[in-house]
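The values are calculated or read from the model by the stated rules, or taken from the named source; none is laboratory data. On a predicted model such as this, the values are computed, not experimentally measured, just so you know. Cβ sites come from the backbone with ideal geometry, for glycine too, and all protein chains shown count toward neighbours. Side chains are part of the model used for accessible areas, which takes the heavy atoms of the whole protein and leaves out ligands, DNA and RNA. Shrake-Rupley method; radii C 1.70, N 1.55, O 1.52, S 1.80 Å.
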Amino acid sequence: MFTQFYNESIRRIVIGFGSLFNDIRVVRKNADGTTKETIRIPLSYGPKEKFIRRITETSSISDDSKVITLPQIGFDITGIVYDPARKTNKLRKRKADTTDGLTYSYNYNEVPYNITFGLYAFTRNHDDNLQIIEQILPYFTPEFIVSLKINSINDKIDVPITLNGVSTIDEYEGDFDSRRNITSSLDFTAKTYVYGPAK
């Protein structure tokens, strides 16, 4: 019954989701309002706890240097859940002609899944944090649609990504020399599909 196949459908939605946030910038200004510097925020995949640990721990190279610099954005998959509300007839086929025109490839109907993502913005000050959030929120009203090419049969699939909520935590403990860490967590749901093997 089970055969090896890999359509990369989950991998493609992870890449599509991450690409939405790979060009966020923070502008810092002088007292007179002129631009001091523009920083492109680095984006990487990983759990929130990994980033917090890298922010708080010192590097093994030197006791004075930190492992990670702020601001930083990270994201990860927080859950994958079957969505019975979007289920359709599982025997329906999706077809694509081959190059010879005499045969075709097909696979059976896609299976609906909701993939939840967590996006985390780590900054030292509130202004950087608010700039990051403000560059994200206007595009989700409350959803943003990403088009993906899964394979030759499923060449254009629209996946709505919904913003569920935003929360901000200001972590500041210890004396005045301690490092301040502001973390904003944004929760998203991608209403995507998983596809069976092509035949």
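Hey, which of these cross-link pairs are over 29 Å Cα-Cα: Lys87/Lys199; Lys50/Lys191; Lys50/Lys90; Lys90/Lys149; Lys50/Lys156? Exceeds cut-off: Lys50/Lys90; Lys50/Lys156.
Solvent-accessible surface of protein heavy atoms, probed at 1.4 angstrom with all chains present, puts Asp155, Asp32, Asp76 in the order Asp32, Asp155, Asp76, largest first. Of the chymotrypsin sites (Phe, Trp or Tyr not before Pro) found in the stretch 1-48, those in coil by DSSP whose Cβ has at most 12 other Cβ atoms within 10 Å are Phe2, Phe5, Tyr6. Accessible surface ranking for Thr69, Thr192, Thr116, 1.4 angstrom probe, highest first: Thr69, Thr116, Thr192.
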